[in-house]
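Values in this text are rule-based calculations from the coordinates and carry no lab data. Keep in mind the model is a prediction, meaning the values are calculated, not measured. FYI the Cβ positions are ideal-geometry reconstructions off the backbone, even for glycines, and counts take in every protein chain you see.
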Amino acid sequence: PEAIKRVPGLYVAYAGKGARLVRIRGAESDQTKIYIDGMPVFPLSGIASNSASTLEQISVDNIEKIEIIKGPGPVQYGTDYKGGVILITTKKGQGPAKTALNLSAGSHEAFSSYLTHSGSEKDLSYYLTVGRKQGDGHLNNSNYDTKEFNGKFVWDLGKDSALTFSGYSINTPREIPNGIDPITGEETASNISWSYDTPIDGKYRAIDWKYTYFKETNVALQYDKRASDKFKYNVKWYHVTDGNSLWVYNQNNATLGIDNDAHPIWYGSSWNSSGNGVEFTGDLQTAANNTVTFGMKYNAIDWKMDERNTDLDEHGKDKRIGYYISDNWIASDKTNVTLGVRYDEADQSYHYSLTGKPTQDSSSNLDSTDPVFNITHRLDEQNTLRFSAGKSHVFVQAKSASTNLTAGLPVPDPERATDYELGWKHNFNEQSSLDIAVFKNLIKDRIVRRGNSEPNPRTYYNIGQTDIKGLELQYNRTFTNRLSGFVNYTHLKAMDTNADGSVTRATKLPTSEFNYGLTYSVDKLQASILGHVLSDVLTNETINPRLDSYHLVDLSFNYRVNENTDYYLRVNNVFDTNYWETASYPGDGISFSAGVNLKL
């Protein structure tokens with residue numbers, strides 16, 4: 001997340017269960033797609049919510065560049081997102097073998113260590129990283145211990161072809177902080193029944209949640225080939241796994257001295273899934289000014305959930321297939337037009353059986369056809385206009401569907417949206433530019449999770465219609481060869497039309513986001529300031545129905561002793577601002593980390 005925080009217009013947000021994800025233009029943090037070297041970071045996002053995943057797969061030092069696609073984008077990345085797409089390209093090894101070590105320590109007993117080995121020999125380049133990050137977090141019961149490995153090998157096969165083998169493995173056992181009462185400051189328990197706690201005064205008290213393991217792996221093989229001057233293609237295969245073990249302490253059972261299979265003190269459940277995916281993309285130049293891109297994607301994933309104290313058998317299968325084609329036409333030296341369409345289909349099956357409860361078997365087949373149109377026109381050397389329009393969708397996650405079925409509730413319908421954007425970019429000169437965009441998203445059947453204080457808590461339902469209108473401004477400026485900066489502001493108006501016809505402000509979406517940054521370099525020292533301002537946010541929790549706006553400021557310093565040694569210091573929330581990230585979780589106060597990069 002550290003590298004993504006520095007990108008204008010991106011906001012790293014708490015996503016639940018101790019994880020952090022990214023907002024683009026206010027969209028909820030699990031509705032942004034992230035690709036690393038062309039591979040989806042969360043290929044299981046259609047199965048289980050991204051909210052339990054993290055952004056620790058690639059360390060900052062491994063990143064070559066980050067690209068952001070906002071609004072309706074290329075159909076090859078899918079049309080099943082609302083926020084946008086983040087494309088991360090990692091470094092390739094170059095030259096003689098070299099090894100680097102990164103060590104850091106900081107607040108809340110945080111410590112991290114990363115060892116990188118990279119280089120190239122003849123037709124092979126490689127980049128490998130192994131690391132560990134651990135700490136206690138700023139809240140009680142928030143210990144974490146992340147171990148990870150990632151690597152990339154690229155073979156130049158000659159004849160305009162290459163083979164890339166890449167992947168990562170990460171295990172993030174961690175505790176999940178208990179909620180905090182915003183009035184008393186005391187820890188709160190979760191009022192849930194599924195952990196088999198015994199109610200006292202009509203309330204359940206589940207506390208001290210933790211993952212004893214949370215493992216993700218992604219292994220991929222990609223073949224790139226330029227078959228001729230007019231046609232090139234790539235084929236990708238990947239294998240993904242995802243497994244975790246969640247434990248919850250039932251406080252009432254402990255108080256009553258009850259500990260058996262029907263009412264355990266420690267409830268445990270596990271989730272395991274695995275699957276394979278294949279993707280193909282081809283680019284055919286049909287004329288000097290026209291290129292057709294086409295492709296397909298197929299993945300099939302099996303998932304299973306069980307409980308330590310019961311004979312629960314809950315499992316399912318999720319198959320996704322998609323086809324797309326787009327045409328890019330360079331109409332003139334000033335005008336570029338792209339028209340694409342994508343078809344996606346999801347087959348989901350679900351089985352649930354548990355002694356004493358009705359057995360359930362269900363299946364569904366959903367599909368969506370989404371067109372996307374983009375046009376850019378350069379008025380002159382300084383001004384460029386752009387317009388895009390398209391449709392998008394979000395299929396209900398299989399895990400979310402199972403939650404509703406288990407509770408005896410209907411499965412939510414898919415979200416379907418129509419998206420528009422009109423933008424203008426003005427280059428004042430080589431040192432500064434201004435980008436303005438107005439956008440609109442009309443979402444039908446937005447899928448929302450009920451709050452803990454609502455009837456049928458933690459289940460899912462559709463909001464009839466959500467109308468989002470927004471404005472984004474971004475200004476970039478290089479003041480001198482030592483000083484550069486940016487300002488990004490997004491304003492949103494998001495309104496829900498509910499089942500009874502009433503119109504209310506949408507929950508979980510801010511009305512504005514503002515971030516800015518300045519970087520100053522002199523000799524061996526580089527200093528940066530990064531600011532984030534988030535407006536108030538409505539929640540669907542009675543304990544904290546409205547989160548106040550806040551302003552955070554972070555500082556970072558980097559000192560290069562020589563080409564082999566760098567020291568750095570990062571100070572987050574330097575003014576120790578009090579704020580709430582969610583209805584139950586206050587944000588961290590002032591904190592720091594200090595470290596060193598060594599080339600061995």
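What the Cβ-Cβ distance of Tyr223 and Asp333 gives, at R0 = 30 Å and to the nearest 0.05, is a FRET efficiency of 0.30. Close amide H contacts of Ala110 (hydrogens built in the peptide plane, cut-off under 5 Å, sequence separation of 5 or more or a different chain): Asp136. A prolate overall shape is assigned to segment 516-600, the ratio a/c of its alpha-carbon gyration tensor axes (a ≥ b ≥ c) being 1.5 or greater and a/b exceeding b/c. Each Lys or Arg adds one and each Asp or Glu subtracts one; over the other residues with Cβ under 9 Å from the Cβ of Ile180, this totals -3.
With the simple model of a label 7 Å out from the Cα in the direction of the Cβ, Val522 to Thr497 spans 5.8 nm.
Over the chain, what is the relative contact order in whole percent, taking alpha-carbon pairs under 8 Å and six or more residues apart? It rounds to 10 percent for the chain. The calculated FRET efficiency for the pair Ala287 and Leu157, based on their C-beta separation and a Förster distance of 30 Å, comes to about 0.55.
Whole-Hz Karplus values for segment 407-424 come out as 7, x, 10, x, 6, x, 6, x, 6, 9, 9, 10, 10, 9, 8, 10, x, 9 Hz, taken residue by residue from phi with 6.51 cos²θ - 1.76 cosθ + 1.60 and θ = phi - 60°; glycine and proline positions read x.
Divide the volume of the convex hull around the Cα atoms of segment 240-377 by the residue count and you get 146 Å³ per residue. Output the pairs from Lys444/Lys508; Lys91/Lys391; Lys33/Lys230; Lys82/Lys440 with a Cα-Cα distance over 23 Å in this structure; if there are none, say none. Distance filter (> 23 Å) returns Lys91/Lys391; Lys33/Lys230.
If you take all other residues with their beta carbon under 14 Å from the beta carbon of Gly73, and give Lys and Arg +1 and Asp and Glu -1, the sum is +2. Near the amide H of Val396, within less than 5 Å, lie the amide hydrogens of Glu415, all on another chain or at least 5 residues away, with H placed in the peptide plane. The label point for Ser353 and the one for Tyr559, both projected 7 Å from the Cα toward the Cβ, are 6.7 nm apart. For segment 474-527, which trypsin sites (Lys or Arg not before Pro) pass both filters: DSSP loop (anything but H, G, I, E, B) and at most 13 other C-beta atoms within 10 Å? Of the trypsin sites (Lys or Arg not before Pro), the ones in loops of segment 474-527 whose Cβ has at most 13 other Cβ atoms within 10 Å are Arg482, Lys524.
Modelled label positions at Thr577 and Thr369, each set 7 Å beyond Cα in the direction of Cβ, lie 4.8 nm from each other. The order of the peptides 288-296, 247-255 by mean Cβ neighbours within 10 Å, most packed first, is 247-255, 288-296. Straight-line cross-link reach from Lys317 at under 18 Å between alpha-carbon atoms covers these lysines, not counting any fewer than eight positions away in the same chain: Lys297, Lys304, Lys399. Scalar couplings 3J(HN,Hα) for segment 157-173, obtained by applying the Karplus form with A = 6.51, B = -1.76, C = 1.60 to θ = phi - 60°, are 8, x, 6, 6, 9, 8, 10, 10, 10, 9, x, 8, 9, 9, 10, 10, x Hz; x denotes Gly and Pro. Under 20 Å from a label point 7 Å along Cα→Cβ of Ser270: give me every residue in segment 336-365 with its amide N that close. Flagged as within label range: 351-355. For a paramagnetic label modelled on Lys203 (point 7 Å from Cα along Cα→Cβ), amide N atoms under 15 Å away belong, within segment 434-475, to 452-454. Computed over neighbours whose Cβ is under 9 Å from that of His377, the net charge equals +3, Lys and Arg +1, Asp and Glu -1.
With kT/(6 pi eta Rh) evaluated at 4 °C and eta = 1.567 mPa s, and Rh the Kirkwood radius from Cα pairs, the chain diffuses with a coefficient of 50 µm²/s according to Stokes-Einstein.
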